[in-house]
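Taking it in order: structure first as structure tokens, then the write-up.
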Amino acid sequence: MRISKSIYSISFLLLSVFFSGDLFAQASLSLDLSKSTASVSPELYGLMTEEINHAFDGGLYAEQIQNRIFKDNSKSSDHWSVVQDGNGKGAIALDDDNPINKVLTVCLRLNIETPGKRVGVANDGYWGIAVKPQTTYHCSFYAKASGNDDTPLSVSIESNDGQTTYATAQVRGINGQWKNYTATLTTSKDVKTTSEARFVISTTGKGTYLFNLVSLFPPTYNNRPNGNRTDIMQILADMKPSFLRFPGGNYLEGDKFSTRFDWKKTIGPLDQRPGHESPWGYRSTDGTGLLEYLEWCEDLKMQPLLAVFAGYVLKEDYIEAGPFLQPFVNDALDEIEYVTGDVNTKWGAERARDGHPKPFKLNYVEIGNEDEYDGSGSYSGRFTQFYNAIKAKYPDIKIISTVGEDDLHEAPTPDIIDEHYYRSAFEMEEDAAHYDRYSRTGPKIFVGEWATMRGRPTNDFGAALGDAAWMTGMERNSDVVIMASYAPLFVNVNPGAMQWTPDLIGYNAISVYGSPSYYAQKMFNTYIGNEVIPIAAKNIPTQIQKLNKKDSAAGAQPKTIPAMFYVATRNTQTGTVFLNMVNTSGEAQKVKINLTGARKVSSKGMVVTLKADKPEDTNSITDPENIIPVSSETKGWGKSFSESFPAYSITVLQIETK
Ligand code: AHR
């Protein structure tokens, strides 16, 4: 009787162990709350931006008219067409005989051959004009005319077939002198949101009209004139980014010296901004110029991280350190003065004239971009010349180098080094502990561009897993990695708008969405403490590398790496602990969590989960919220508890401790 009872108990124990998953050693993480391994940088997560994928023109910048100064193509009036209704007949052409100033040198000529129901010009916008109900648009344009009568011009936002007018206004008094005209157009509440629309300037009268700098703005974020789309700004604001690296990237460098980001040509009234060719294959309006970047920072309470042109362009041309580089160094000093100088300085006064008397605080300046591609080895000298000049005038500014110390010869030690990583998910996960091994005595690290390369046009969940694994490593080491920004940030998802994939945030004229990585970053930046908690891990499940055919054929052996990644931080004010877990495997993983060094661990907590059925799952412009974080409250936690992490998931456990 006794014997059979104990056999029964042993079998019961084995069965319960088996069904609880503990037959094999259970994974466990032990957090020691009496210790901290690093302070979390308050500026860890920020944004990197440049004009790529129609990031600004056709993106964040709210301008609706494409090719507004007619310089996109010197041979044709791209995005403009003639409108001829009823018996009306007209013709349009580029005209360079009627410059307004040195910038507005090409205009659009409309010759009305036969007045009719109406004749005019239409612009198709950036993949459409964004029509929304109860919205007031501000329109402006330069015009002059000859042979016309008193008939007013009509400006309208209408359907592409001209059958439906969404909003219209009239402009009078066009004469033989160039003059700027403005109008407001308001849609009614019954108008349906659409981008199948065009902008038209037309007349029933006669004559020849010339137009230039034609502009149409919907309401902008914080109602800034020449400002940004409200929806895209809001999705960025939701990430709570701490800094903005601008204006590039390759966009800073340009293909040629003449097409670099020449900041002095990006400030002041729009009729003084010629725009320029970008290395990404289309012309930038420079409507998003230096001041607009700074105001974007101001609006989202981000620190500006200004990258200055450093004498190297993408088509591998460069200027050696020395007197020929000095004008570019002076340009950078002027630029810093424009950002930070008070109104008594030359460039601070210029900024005040541009509408922003208050100086901006600038703590970080980066010298160039990816200068490791400059095979001439000129960067050490160029860096030194910029560094010395900037430090002499602005000793508190932290200088960022684009190459590591090993590649800087006889140059001053940079305060910070910018490192870039574009990798597969496996590479990100394999190297998630990258910064665990970094020197604590050298320059700090800015991971100025990083991304897991999966998904199109925006990244998929497999990429988000790689990104999240990588973020656990940056966060755990944020005493060294003080700033990080994903790249590229934006993509207009319309055909032909994209040059680089994957991207973090996608949009069309009407709406915007965040990729799975966007949500992963938002989670990491929302649920974060100010110090890193050490974790001792046991029995973490592993994954085996999937080799591609080429590597297999070459006899490569698949590597085995962890399948789970984690980091814990604590808010020392509140005692809240954030444990971020990434499960890259296709199976749920049960993990025992032990917390030592706390007086009390609340039984109640919060779990935030971002997950997918498979790595290929994603968000898109038509399915923007397929993958979003879900929060739930939980009970039953304590100093030791088990939690199951779903297959393909990124999870934050918010644990309250005292
Ligand atoms: O993010 C896209 C490009 O990648 C950046 O412009 C450049 O810095 C990097 O090579």
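The values are calculated or read from the model by the stated rules, or taken from the named source; none is laboratory data. Since we're looking at a predicted model, the values are computed, not measured. Note that we place each Cβ from the backbone using ideal geometry, even for glycine, and neighbour counts take in every protein chain shown. Heavy atoms of the whole protein, side chains included, go into the accessibility calculation; ligands, DNA and RNA do not. Shrake-Rupley method; radii C 1.70, N 1.55, O 1.52, S 1.80 Å.
Would you kindly identify the strands (runs of 3 or more DSSP E) lying entirely within region 388-489 that contain at least 3 residues that are within 28 Å of residue 535 (Cα to Cα)?
Filter on region 388-489 gives 416-423, 444-452, 481-484.
May I ask you to list pairs of residues, at least six apart or on different chains, whose Cβ atoms are under 9 Å apart, with the first in region 123-139 being free of Cβ contacts under 8 Å to residues at least 12 places away in the same chain and the second being among the aliphatic types (A, V, I, L, M) and open to solvent by 20 Å² or more (accessible area, probe 1.4 Å)?
Close Cβ pairs satisfying both conditions: none exist.
Does region 554-570 contain at least one residue that is aromatic (Phe, Trp, Tyr), modelled with pLDDT of 95 or more, farther than 30 Å from residue 26 by Cβ and open to solvent by 40 Å² or more (accessible area, probe 1.4 Å)?
No, region 554-570 contains no residue that is aromatic (Phe, Trp, Tyr), modelled with pLDDT of 95 or more, farther than 30 Å from residue 26 by Cβ and open to solvent by 40 Å² or more (accessible area, probe 1.4 Å).
Just one of 111, 87, 101 is of a type in the set (S, T, N, Q), away from the ligand (no atom under 16 Å from the Cβ) and in contact with a helix residue (DSSP H, G or I) (Cβ under 8 Å, 6 or more places away or on another chain); which is it?
The match here is 101.
A quick yes/no check of all residues on (1) aromatic (Phe, Trp, Tyr); (2) open to solvent by less than 40 Å² (accessible area, probe 1.4 Å); (3) touching a Cys at 6+ places or on another chain (Cβ under 8 Å); (4) away from the ligand (no atom under 16 Å from the Cβ):
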| residue | (1), (2), (3), (4) |
| --- | --- |
| 381 | no, yes, no, yes |
| 389 | no, yes, no, yes |
| 396 | no, no, no, yes |
| 417 | no, yes, no, no |
| 435 | yes, yes, no, yes |
| 439 | no, no, no, yes |
| 473 | no, yes, no, yes |
| 483 | no, yes, no, no |
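Give the residue, chosen from 652, 577, that is within 25 Å of the chain's Cα centre (by Cα), outside the structural domain of residue 517 (by TED's automatic domain parsing) and at pLDDT 95 or above.
Criteria check complete, one pass: 652.
Pick from region 129-144 the residues that are in a strand (DSSP E or B) and open to solvent by 10 Å² or more (accessible area, probe 1.4 Å): which of them is farthest from residue 507 (Cα to Cα)?
Out of the qualifying residues, it is 144.
Just to be sure before I move on: is residue 277 within 16 Å of the ligand (Cβ to nearest atom), more than 27 Å from residue 359 (Cα to Cα) and not assigned by TED's automatic domain parsing to the domain that holds residue 174 in the structure I sent?
Yes; evaluated as a whole, the condition is true for this residue.
So which of 298, 370, 350, 335 is acidic (Asp, Glu), open to solvent by 20 Å² or more (accessible area, probe 1.4 Å) and closer than 17 Å to residue 251 by Cβ?
After applying the criteria, what remains is 370.
Could you check how many residues of region 35-56 are within 16 Å of the ligand (Cβ to nearest atom) and touching an Asp or Glu at 6+ places or on another chain (Cβ under 8 Å)?
Residues in region 35-56 being within 16 Å of the ligand (Cβ to nearest atom) and touching an Asp or Glu at 6+ places or on another chain (Cβ under 8 Å): 3 in total.
How many residues does region 243-259 hold that are of a type outside the set (S, T, N, Q) and closer than 18 Å to residue 499 by Cα?
8
Scanning for something within 16 Å of the ligand (Cβ to nearest atom) and either among the aliphatic types (A, V, I, L, M) or open to solvent by 10 Å² or more (accessible area, probe 1.4 Å) (or both), does region 231-246 turn up at least one residue?
The answer is yes; a qualifying residue exists.
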